[in-house]
1. Can you tell me how region 201-286 classifies by the Cα gyration tensor, rounded, prolate or oblate, using a/c under 1.5 as the rounded cut?
2. Which value at 222 nm does the chain reach when only helices count, each DSSP H run of 4 or more adding -39,500 (n - 2.57), with the total divided by all residues and rounded to the nearest 500 deg cm²/dmol?
3. Helix 198-209 versus the longest principal axis of the chain: what is the Cα-based angle in degrees, 0 to 90, to the nearest 10?
4. If the chain between residue 84 and residue 104 were fully stretched, how many nm would it gain, using 0.36 nm times the residue separation less the Cα-Cα distance?
5. Counting other beta carbons within 10 Å of each Cβ, put 275, 90 in order, fewest first.
6. Compute the long axis of helix 2-21 from its Cα atoms, compare it with the longest principal axis of the Cα atoms of the chain, and write down the angle in degrees, 0 to 90, nearest 10.
7. Could you tell me the calculated FRET efficiency between residue 184 and residue 91, based on Cβ-Cβ distance and R0 = 25 angstrom, to the nearest 0.05?
8. With label points built 7 Å along Cα→Cβ from the Cα atoms of residue 64 and residue 191, find their separation and express it in nm.
């Protein structure tokens with residue numbers, strides 16, 4: 001018995017010493033010392049469904065991310081002891097400990113979740129019934145894997161990326177404790193411009209919309225490839241940030257970016273009657289008319305869906321082949337002439353001399 005108690009005491013002492021030793025590496029908000037275990041890259045297991053689960057936390061990414069002021073337990077509410085049972089799936093729509101300033105209520109992403117549910121990416125149809133292939137519809141982490149924060153600096157009319165030291169100095173006049181001023185400044189100013197580069201936005205959408213199996217299940221065209229073939233797509237590939245990406249065209253100006261609707265919905269930004277208005281925003285073609293917005297952006301050469309475009313493509317291919325082979329034939333004949341200058345397919349008959357020439 002004494003040996004058993006001694007062993008338990010030694011184990012408890014080892015845990016206490018470990019906590020003290022690693023206390024300088026654990027964030028202040030990590031009251032349960034979660035990072036002490038989750039900082040190890042090999043922390044993983046195989047779950048009940050036979051899937052590989054990785055539990056490693058990259059502290060540097062977390063400290064530079066949007067949730068760095070949150071405590072682990074704010075999201076993982078079911079964890080109350082260490083070692084803990086397998087954590088439940090985090091619900092991003094639950095209430096957070098942070099108080100939302102405008103309404104003085106606990107912050108929650110539920111309004112965003114409700115907006116997403118009404119969009120084309122929602123899991124329920126208009127009648128409230130589950131759509132087929134439920135696993136295909138995105139959740140928060142499918143798009144918000146690790147947002148890129150790019151604070152904007154505004155001073156004397158000049159706008160550039162980075163933190164405005166003059167602006168932060170004004171904030172610190174009142175908000176003196178901790179790094180609240182810097183955190184709040186980065187949080188607000190990053191919302192004044194795109195948090196992702198346009199090319200990154202396209203790649204996020206491509207994770208689903210460029211998957212052949214996904215497109216076949218939902219009977220969708222390859223919109224990513226067709227977009228990259230357009231003038232807009234080529235500009236973004238060259239590094240432009242002023243060119244519209246998926247969100248600029250598929251979200252109504254002034255609406256929440258999570259409200260992306262199908263092109264068949266009359267309130268959609270890409271509904272046939274609304275396309276000119278979508279192109280006519282102050283950031284794009286301010287004088288866009290019906291003709292400018294009348295072209296079809298995501299046209300594929302499917303004979304059943306787009307027969308006109310299909311036969312036009314076949315016609316152009318036939319014309320190009322005709323012209324190409326015509327000139328190849330000319331070049332081949334010219335080459336033969338140069339190699340065999342005296343060669344003829346039809347030999348000329350020799351002309352007999354006249355009678356007068358014979359007498360002479």
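Only the coordinates and a few stated rules stand behind these numbers; no lab work does. Nothing here was measured: the structure is a model prediction, and the numbers come from that model. Positions of Cβ are backbone-derived with ideal geometry, glycine not excepted, and every protein chain shown enters the neighbour counts.
1. Oblate.
2. Calculated mean residue ellipticity at 222 nm is -11500 deg cm²/dmol.
3. Roughly 90 degrees, rounded to the nearest 10.
4. Length difference between fully extended and current span is 3.9 nm.
5. Final ranking by Cβ density, sparse to dense: 90, 275.
6. Approximately 60 degrees, to the nearest 10.
7. Efficiency for this residue pair is about 0.50.
8. So the label points at residue 64 and residue 191 sit 2.3 nm apart.
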